[in-house]
Amino acid sequence: MLAGSFAIHAQNKTITIINSLPVDREYETVELTKKTLGLAAKAKLEDYTIKEANSNLLLDTQTVDENNDGVMDVLLFQPKVSASSRKEFTLVPANPSTPKNINCYSRFVPERIDDYAWENNKVAFRAYGPVAQKMAEDKVAGGTLTSGIDAWLKRVEYPIINKWYEKATNGTGSYHKDTGEGLDNFNVGDSRGVGGIAVSVGGKYYFSKNFSSWKTITTGPIRTSFILTYADWNAKGNKITESKLISLDYGSYLSRFEISISGTKTIAAGLTLHNNKGITSTNNKEGWMSYWEPLDDSEIGLGIVAPKGTLESFTKYVTKDKDLSNLYGNMVVKDKKVVYYTGFGWKKGSPFQTQQDWETYLSSFAKKINNPLIVKVKR
């Protein structure tokens, strides 16, 4: 009887995805709500999955409780849609026994002081917590004081966070050495790393210390998301409050950052320039910026992409002060929020073999976020 009621709710739910761009689209996440789908209030999104309308192919799906009230708010899936075309999908009852791979993963890492780390099948990152900050302030060995974002350079599709931390913890290896899966040889220091923020006042940049608290929202086959909150900080007399809602979807080299901030009308999202031996590129019209640089025996591209009209200008800030040279993208705070995407492509672990490859990816990513897949539901 229960399965039958699912079928009744799902019947005639045809989901049409329209791709308005002349390029094939994949690894873009569609979000469906009960309201969008026309489901009854008592229906549960986790009872459903998505099937291609003209085949028996079931897609990976994930449900997310975004507000932590115990009720799933969105159903996620990633369609493949050819250039300038449309494709139909249907809502069908889910089989709860179907296993789901956790390709997009994040967690707090107390065994490595208090990192927060996240990854998908392409890239991995980490941020640093309050214990690491206090150790640094007290000059205890192993401490880290920065709100910059670290890049973990993986070159395998499977998850590595737990594996790398485990070998470092039990002394069987180091994630600073590449044994075939990648490594962490990316220096953050006081820089903004990959997409950390600053506030500019009178030509000087100010930023927060380490995150003070964290909250995991979801992990799954399609998305991991979490919130990092920072202690209030001072930008030349301006009290700044800051938190970051960060998400990373399957197949993407860029994490989405939604910054909630008060005390400033603008922010500067930064990419570290390290020793300034690389090449900076900016595109105001398309809304992206890039830094392509040598890194040990390889090369890496860092990038930030922002929705149309939000990346107003760029500042290449070069100083002799250690780790403080950054390429900044200047964005206006609207309704106490700023949204952008940031990440990297490592030559050894990605298809990006040249600066041009990387910039082409950023340009394409910008076009896609500004022309999202169109979703129509026939109820």
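The values are calculated or read from the model by the stated rules, or taken from the named source; none is laboratory data. Remember, it's a predicted structure, so these values are computed and weren't measured experimentally. Here the Cβ is made from the backbone with ideal geometry for all residues, glycine too, and neighbour counts use every protein chain on show. Ligands, DNA and RNA are stripped out before the accessible areas are found, and what is left, the full protein with its side chains, is counted by its heavy atoms. Shrake-Rupley method; radii C 1.70, N 1.55, O 1.52, S 1.80 Å.
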Original post:
Condition test on Lys87, is it assigned to a loop (DSSP other than H, G, I, E, B) and of a type in the set (Lys, Arg)?
Top reply: no
Subject >> Residues of the range 340-374 that turn out to be over 15 Å from Glu286 (Cα atoms), part of a strand (DSSP E or B) and open to solvent by 20 Å² or more (accessible area, probe 1.4 Å), as a count >> reply: 1
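Residue-wise test of (1) more than 14 Å from Val305 (Cα to Cα); (2) touching a residue at least 40 places away in the same chain (Cβ under 8 Å); (3) β-branched (Val, Ile, Thr).
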{"residue": "Val339", "(1), (2), (3)": "no, yes, yes"}
{"residue": "Gln353", "(1), (2), (3)": "yes, no, no"}
{"residue": "Ile374", "(1), (2), (3)": "yes, yes, yes"}
{"residue": "Lys378", "(1), (2), (3)": "yes, yes, no"}
**OP:** Can you confirm whether the range 239-247 contains a residue that is farther than 29 Å from Gln62 by Cα and under 15 Å from the mean Cα position of the chain (by Cα)?
**Re:** no
**OP:** Could you run through the range 162-178 and say how many residues are farther than 19 Å from Gly345 by Cα and either open to solvent by 50 Å² or more (accessible area, probe 1.4 Å) or polar (S, T, N, Q) (or both)?
**Re:** 8
**OP:** Have a look at Gly251, Gly278, Gly220 and point out the one that is in contact with a helix residue (DSSP H, G or I) (Cβ under 9 Å, 6 or more places away or on another chain) and either among the hydroxyl-bearing types (Ser, Thr, Tyr) or open to solvent by less than 30 Å² (accessible area, probe 1.4 Å) (or both).
**Re:** Gly278
Original post:
Pairs under 7 Å by beta carbon, first residue touching a residue at least 40 places away in the same chain (Cβ under 8 Å) and closer than 8 Å to Thr272 by Cα in the range 181-200, partner of a type outside the set (Val, Ile, Thr) and open to solvent by 10 Å² or more (accessible area, probe 1.4 Å), six or more apart or different chains?
Top reply: Ser191/Asp323; Ser191/Leu324
Original post:
From the residues in the range 132-157 that are more than 19 Å from Lys347 (Cα to Cα) and either touching a residue at least 60 places away in the same chain (Cβ under 8 Å) or under 15 Å from the mean Cα position of the chain (by Cα) (or both), which one is most open to solvent (accessible area, probe 1.4 Å)?
Top reply: Leu145
**OP:** Please identify the pairs in which a residue from the range 32-59 that is closer than 15 Å to Gly70 by Cα has its Cβ atom under 8 Å from the Cβ atom of a residue that is open to solvent by 40 Å² or more (accessible area, probe 1.4 Å) and part of a strand (DSSP E or B), counting only partners at least 6 apart or on another chain.
**Re:** Asp47/Pro93
Original post:
In the range 186-223, which residues are of a type outside the set (A, V, I, L, M), more than 12 Å from Lys244 (Cβ to Cβ) and in contact with an Asp or Glu (Cβ under 8 Å, 6 or more places away or on another chain)?
Top reply: Phe186, Asn187, Gly189, Asp190, Ser191, Gly193, Thr218, Pro221, Arg223
Original post:
Restricting the search to the range 282-310, which residues are in contact with a helix residue (DSSP H, G or I) (Cβ under 6 Å, 6 or more places away or on another chain), among the polar types (S, T, N, Q) and crowded, with 16+ Cβ neighbours inside 10 Å?
Top reply: Ser290
Original post:
Which one of these is at pLDDT 95 or above, of a type in the set (Gly, Ala, Ser) and in contact with a Pro (Cβ under 6 Å, 6 or more places away or on another chain): Ser208, Ser212, Ser225, Ser200?
Top reply: Ser212
Original post:
Which residue, of Ser106, Ser97, is of a type in the set (Ser, Thr, Tyr) and open to solvent by 70 Å² or more (accessible area, probe 1.4 Å)?
Top reply: Ser97
**OP:** Quickly run through the range 18-36 and pick out the residues that are under 18 Å from Arg256 (Cβ atoms) and in a loop (DSSP other than H, G, I, E, B).
**Re:** Glu26, Tyr27, Glu28, Thr29
Subject >> Only one of Gly180, Gly142 that is out of contact with any Leu (no Cβ under 9 Å at 6 or more places or on another chain), at pLDDT below 95 and in a loop (DSSP other than H, G, I, E, B) >> reply: Gly142
**OP:** Working only within the range 179-205, note down all residues that are among the hydroxyl-bearing types (Ser, Thr, Tyr) and crowded, with 18+ Cβ neighbours inside 10 Å.
**Re:** Ser191, Ser200, Tyr205
Original post:
Regarding Leu39, is this residue part of a loop (DSSP other than H, G, I, E, B) and open to solvent by less than 70 Å² (accessible area, probe 1.4 Å)?
Top reply: yes
Original post:
In the range 223-234, what residues are among the small types (Gly, Ala, Ser) and crowded, with 20+ Cβ neighbours inside 10 Å?
Top reply: Ser225
**OP:** Identify the residue in the range 42-72 that is charged (D, E, K, R) and under 22 Å from Asn95 (Cβ atoms) and, among all such residues, is most open to solvent (accessible area, probe 1.4 Å).
**Re:** Lys42
**OP:** Could you tell me whether any residue of the range 229-236 is part of a strand (DSSP E or B), at pLDDT 95 or above and under 21 Å from the mean Cα position of the chain (by Cα)?
**Re:** yes
